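Here the structure is laid out as structure tokens; the discussion comes afterwards.
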Amino acid sequence: MITNKLGLPDALVAAVESHNHKGGDYSASGLRKPARMYWLEKRHHGELERDVSEMIWAIFGTAVHAVIEKAERPDQLAEEYLSTTIMGRKVSGIADMYDNGVIQDWKTTSVWSYIYLDDEKIKDYESQLNTYAYLYRQAGFEVTGLQIVQLFRDWQKSKAKYDKQYPQVPAAKININLWTEEEQRRYLEERVWYYESHRDTEDFLLPECTEKERWAKPSSWALMKKRRKTAVKLHATEEEAMNDAETRGAGYYVEERKGELWKRCEYCNARDFCNQYNTREGQEAPF
């Protein structure tokens, strides 16, 4: 259910409510979720509540996709819905653009996400785009490449002028590794089997999300130096940082950088129904 607690314009609510996946047992994006997240969201779909204020950037992304679809040329396919059957289940997806053999997925994102793009996020993109590639290949299309196109919603021309490490234009194109068709099918079979093996598992017995799946970032301790804004070095433990500061002498001190152990949970629609999240350290069990 979409709520509007801040009284934002009705048009925003309508825009959010109109953005729905066309169906299927598993989607290209859904296949990347932990089993706990996937099944809790699916089972409690009618009870889930999200406020339109939390989905503003999703609306921007939808607007970008609408523009792409309208700009489609004869040699392109934009927002094409495709599906196939894997182990008796329907797997579907909608790639943003198929352009002369190259599949593109467009992301409206922050400059920060581009600068700090890591291997885990690349792997995430890789699995999603290769799912699209498999769907296109099954439909008889040749696939020669995969790309992520990032559009930076917070790009600043002034920063680009004075910082050469900053993106020099408000968009970036990232080439993604294309798997063989056999590798793509094996990935899809593994993911479908993973979810299906927990289809009848009770909510509280679903496999707990790992630290990696929760995007957990442990606390660290920064070795700082007076009159310097950035850390000299980051340490995994306070003891290591204190010893380093003592060895270096006067002018050095230690600051704790608080970690985020449940970062992804804040974006999980089903967290209110998750016993792992609601019984985490410092929380009382609500059940």
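The values are calculated or read from the model by the stated rules, or taken from the named source; none is laboratory data. Remember, it's a predicted structure, so these values are computed and weren't measured experimentally. Methodologically, a virtual Cβ is constructed for each residue, glycine included, from the backbone with ideal geometry; neighbour enumeration extends over all protein chains shown.
Scan the helices (runs of 4 or more DSSP H) fully inside the range 43-158 and keep the ones with 2 or more residues being touching a Ser or Thr at 6+ places or on another chain (Cβ under 9 Å) and of a type outside the set (Gly, Ala, Ser).
On the way: elements: 56-70, 111-115, 119-138.
Because the criterion is at least 2 residues that are touching a Ser or Thr at 6+ places or on another chain (Cβ under 9 Å) and of a type outside the set (Gly, Ala, Ser), the helices (runs of 4 or more DSSP H) in the range 43-158 that meet it are 56-70, 119-138.
Yes or no: residue 31 modelled with pLDDT of 75 or more, surrounded by 12 or more Cβ atoms within 10 Å (Cβ to Cβ), more than 30 Å from residue 136 (Cβ to Cβ) and out of contact with any Cys (no Cβ under 6 Å at 6 or more places or on another chain)? Even if it seems obvious, please write down each step before you answer.
Details: modelled with pLDDT of 75 or more: yes; surrounded by 12 or more Cβ atoms within 10 Å (Cβ to Cβ): yes; more than 30 Å from residue 136 (Cβ to Cβ): no; out of contact with any Cys (no Cβ under 6 Å at 6 or more places or on another chain): yes.
For residue 31, the condition - modelled with pLDDT of 75 or more, surrounded by 12 or more Cβ atoms within 10 Å (Cβ to Cβ), more than 30 Å from residue 136 (Cβ to Cβ) and out of contact with any Cys (no Cβ under 6 Å at 6 or more places or on another chain) - is not met.
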If we scan the range 72-82, do we find a residue that is buried (at least 18 other Cβ atoms within 10 Å of the Cβ), in contact with a Leu (Cβ under 8 Å, 6 or more places away or on another chain) and of a type in the set (A, V, I, L, M)?
yes
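So which of 6, 40, 77 is at pLDDT 85 or above and within 28 Å of residue 215 (Cβ to Cβ)?
Criteria check complete, one pass: 40.
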The correct count of residues that are more than 19 Å from the chain's Cα centre (by Cα), among the β-branched types (Val, Ile, Thr) and more than 17 Å from residue 103 (Cβ to Cβ) in the range 53-85 is 2
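Can you pull out the residues in the range 35-62 that are closer than 24 Å to residue 151 by Cα and without any contact (Cβ under 8 Å) to a residue 24 or more places away in the chain?
Step one: filter the range 35-62 for residues closer than 24 Å to residue 151 by Cα, giving 52-62.
Hit for the range 35-62 is 54, nothing else.
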Considering residues of the range 85-120 that are charged (D, E, K, R) and surrounded by 15 or more Cβ atoms within 10 Å (Cβ to Cβ) only, the residue nearest to residue 147 (Cα to Cα):
105
Residues in the range 147-179 that are within 30 Å of residue 35 (Cα to Cα) and exposed (fewer than 11 other Cβ atoms within 10 Å of the Cβ): how many?
1
